[in-house]
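Written out below as structure tokens is the structure these notes cover.
The values are calculated or read from the model by the stated rules, or taken from the named source; none is laboratory data. As the structure is a prediction and not an experimental result, all values here were calculated from the model. Note: ideal-geometry Cβ built from the backbone for every residue, glycine included; neighbour counts use all protein chains shown. Accessible surface areas use protein heavy atoms only, side chains included; no ligands, DNA or RNA. Shrake-Rupley method; radii C 1.70, N 1.55, O 1.52, S 1.80 Å.
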Amino acid sequence: LSRCKVGNKTCNLIINRGSCTNVASIKLIDKLSLPTIEHPRPYISQWLKKGNEVTVPKQALVPFSIREHKDEVIFDMLPIDACHLHLERP
């Protein structure tokens with residue numbers, strides 16, 4: 001588990017080499033009032049949240065920084081419990 005900044009907020013970040021999807025917590029997107037877009041290919045996921053499967057209907061462009069590195073990434077939005085951002089690693 002790492003930390004990053006989204007705006008002036010410190011957030012929990014997981015960088016996962018085995019992942020194929022960038023995921024942001026719906027709570028984070030809502031709390032920071034980041035704009036969202038419809039997902040071009042909505043899908044069903046269950047691996048990031050305890051309980052039932054959930055549909056991924058939206059995405060958000062999230063500007064974040066890790067130390068001096070700054071970037072913007074499109075994240076799929078899910079009600080995740082493990083962290084605020086889950087970033088795939090190429």
Give the range 16-41 a look and list any residue that's surrounded by 12 or more Cβ atoms within 10 Å (Cβ to Cβ), of a type outside the set (A, V, I, L, M) and part of a strand (DSSP E or B), or say none.
N16, S25, T36, H39
Does any residue in the range 50-74 that is among the aromatic types (F, W, Y) come within less than 8 Å, Cβ to Cβ, of a residue that is open to solvent by 20 Å² or more (accessible area, probe 1.4 Å) and in a strand (DSSP E or B) six or more places away or on a different chain, and which pairs are these?
F64/K5; F64/K70; F64/D71; F64/E72; F64/V73
Can you name the residue in the range 42-61 that is small (G, A, S) and either surrounded by 15 or more Cβ atoms within 10 Å (Cβ to Cβ) or within 16 Å of D71 (Cβ to Cβ) (or both) and is also modelled with the lowest pLDDT among such residues?
S45
Which condition does V73 not pass, out of (1) out of contact with any Lys or Arg (no Cβ under 8 Å at 6 or more places or on another chain); (2) among the aliphatic types (A, V, I, L, M); (3) not in a strand (DSSP E or B), if it passes all the others?
(3)
Mind listing just one residue for me: the one in the range 65-81 that is over 11 Å from K27 (Cβ atoms) and within 11 Å of the chain's Cα centre (by Cα) and, of those, surrounded by the fewest Cβ atoms within 10 Å (Cβ to Cβ)?
I74
